[in-house]
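Quick notes on the structure that follows.
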Amino acid sequence: MTQAESMSAMSKEMQDCVAACMECHSVCEETMSSCMQRGGQAQMQIMRALIDCADMTRMCADMMMRRSPLSAEMCAMCARACEMCAEACMSMPDDPQMMRCAQACRLLRCAETCRAMAGMAM
């Protein structure tokens, strides 16, 4: 199977999950940068959650795209990382970038789509 055939065989649900993971990854990276520019204001717990979420979402998307047999388990872990990151970011409700990140993790469905994919056979 060629790469083009492999990509076209990807279900709509999987494509949506990959897109949500990549969007979430991007927003987490932007939020980390924003935190670092502010200096000491960002709590270490928030930075750890951002790093974990950024890494997990990227890896999860990669694994789904290559049809890894571990994708479902990775999706479950990714959903958990997204929820933890959203909670951490919501601890700073007055920060627009933190709220944007919480939304990407939870409300833009990254956690939701990953949870759904974890329950599906990949």
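Tabulated data for the structure shown
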item: Subset of segment 81-99 that is in a helix (DSSP H, G or I) and without any contact (Cβ under 8 Å) to a residue 12 or more places away in the chain - its residue that is surrounded by the fewest Cβ atoms within 10 Å (Cβ to Cβ); result: Pro96
item: Residues being over 11 Å from the mean Cα position of the chain (by Cα) and more than 14 Å from Met56 (Cα to Cα) - total across segment 71-102; result: 14
item: Per-region count, segment 35-67, residues open to solvent by less than 30 Å² (accessible area, probe 1.4 Å) and either more than 19 Å from Ala111 (Cα to Cα) or free of Cβ contacts under 8 Å to residues at least 12 places away in the same chain (or both); result: 3
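The values are calculated or read from the model by the stated rules, or taken from the named source; none is laboratory data. Note that the coordinates shown come from a computational prediction; the quantities given were computed from them, not determined experimentally. Cβ sites come from the backbone with ideal geometry, for glycine too, and all protein chains shown count toward neighbours. Accessible surface is based on the protein model in full, side chains and every heavy atom, while ligands, DNA and RNA are left aside. Shrake-Rupley method; radii C 1.70, N 1.55, O 1.52, S 1.80 Å.
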